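Let me begin by presenting the structure, written as structure tokens, before commenting on it.
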Amino acid sequence: MSKTDPETGLLPQQRLFADEFLVDFNGTGAYKRAGYKATGNAAYVGASKLLANPKVQTYLAKRQAELTEKLGSDQEQALQNVIDMAQGDIRCLVDSQGRLKPLQDLTRAEAILIQGFEAEEMHEWVGEGEARKREWVGTRYKYKLVNMLDARKLLGLHHGLFNTRKVEHSGPGGGPIQSQVVKDLLELAEGADTGPGPAASRR
């Protein structure tokens with residue numbers, strides 16, 4: 001027999017329904033994904049009853065508040081990442097001899113200046129005749145740096161420095177929308193391709 005969760009007062013299947021509902025806000029779909037057997041209109045009615053349950057409503061409100069807070073935190077981190085990209089100094093990536101530092105020695109703010117890298121094994125032929133063979137002599141690392149100009153443009157747009165884009169303040173039906181600038185910030189900070197940037201190599 002299923003036990004009620006002492007924290008929420010919900011049965012496991014009821015909590016699963018609520019979690020599934022938060023995925024797409026489709027009551028009937030959440031009802032089915034939670035394992036309830038009803039279909040068609042019966043599934044709709046069952047979902048409606050669950051959504052009217054005060055304990056389900058309390059749980060949904062709590063989870064929505066948590067998700068909203070997390071989204072705000074994610075956006076703040078994305079903005080900080082773009083700031084680090086825009087204000088970064090590539091000199092922090094090299095040592096006093098001008099050689100690129102190992103990746104594991106970079107701080108987060110330094111590593112974010114690198115958009116990607118590839119490793120190439122280096123070999124050379126040694127010996128003569130039948131004894132001639134290829135020997136590994138090292139690994140060359142090629143780094144692609146972030147496009148700082150793109151990051152600076154996005155940062156400027158975020159702060160309203162350029163009047164080049166119309167931003168709506170409401171979506172369909174007057175609801176809130178996420179501005180394209182914020183979407184661009186999130187996309188860039190998550191490592192999306194920002195176009196051709198300078199490349200560096202390390203041996």
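Filtering the stretch 97-136 to residues that are over 31 Å from the mean Cα position of the chain (by Cα) and either within 19 Å of residue 81 (Cα to Cα) or among the β-branched types (Val, Ile, Thr) (or both) leaves only 126. Scoring residue 141 on the criteria (1) surrounded by 15 or more Cβ atoms within 10 Å (Cβ to Cβ); (2) under 30 Å from residue 72 (Cβ atoms); (3) modelled with pLDDT of 70 or more leaves a single failure, condition (2). Please work out if residue 32 is in a helix (DSSP H, G or I), assigned by TED's automatic domain parsing to the domain that holds residue 64 and of a type in the set (Lys, Arg). Yes; evaluated as a whole, the condition is true for this residue. Can you confirm whether residue 79 is within 17 Å of residue 151 (Cβ to Cβ) and touching a His at 6+ places or on another chain (Cβ under 9 Å)? Yes.
Among the residues of the stretch 35-45, those identified as in a helix (DSSP H, G or I) and either surrounded by 11 or more Cβ atoms within 10 Å (Cβ to Cβ) or hydrophobic (A, V, I, L, M, F, W, C) (or both) are 42, 43, 44, 45.
Exactly one residue among 154, 93 is modelled with pLDDT of 85 or more and crowded, with 16+ Cβ neighbours inside 10 Å, and that residue is 93.
Note on the stretch 113-153: residues that are in contact (Cβ under 8 Å) with a residue 24 or more places away in the chain and acidic (Asp, Glu) total 2.
Of all residues in the stretch 46-78, those satisfying the criterion of being of a type in the set (A, V, I, L, M, F, W, C), surrounded by fewer than 13 Cβ atoms within 10 Å (Cβ to Cβ) and farther than 18 Å from residue 7 by Cβ are 52, 71.
Would you say residue 24 is within 24 Å of the chain's Cα centre (by Cα), surrounded by 16 or more Cβ atoms within 10 Å (Cβ to Cβ), outside the structural domain of residue 153 (by TED's automatic domain parsing) and not aliphatic (A, V, I, L, M)? Criteria not met by residue 24.
I want to confirm something. Restricting to the stretch 79-90 and keeping residues that are within 17 Å of the chain's Cα centre (by Cα) and of a type outside the set (Val, Ile, Thr), which single residue is surrounded by the most Cβ atoms within 10 Å (Cβ to Cβ)? Applying the filter and picking the extreme gives 85. Scanning the stretch 187-197 finds no residues that are acidic (Asp, Glu), surrounded by 10 or more Cβ atoms within 10 Å (Cβ to Cβ) and modelled with pLDDT of 80 or more. With respect to the stated conditions, residue 114 is assigned by TED's automatic domain parsing to the domain that holds residue 156, farther than 30 Å from residue 12 by Cα and of a type in the set (A, V, I, L, M).
The values are calculated or read from the model by the stated rules, or taken from the named source; none is laboratory data. Since the structure is predicted, the reported quantities are computational estimates derived from the model, not experimental observations. Because the Cβ atoms are built from the backbone with ideal geometry, glycine has one as well, and the counts that use them run over all protein chains shown.
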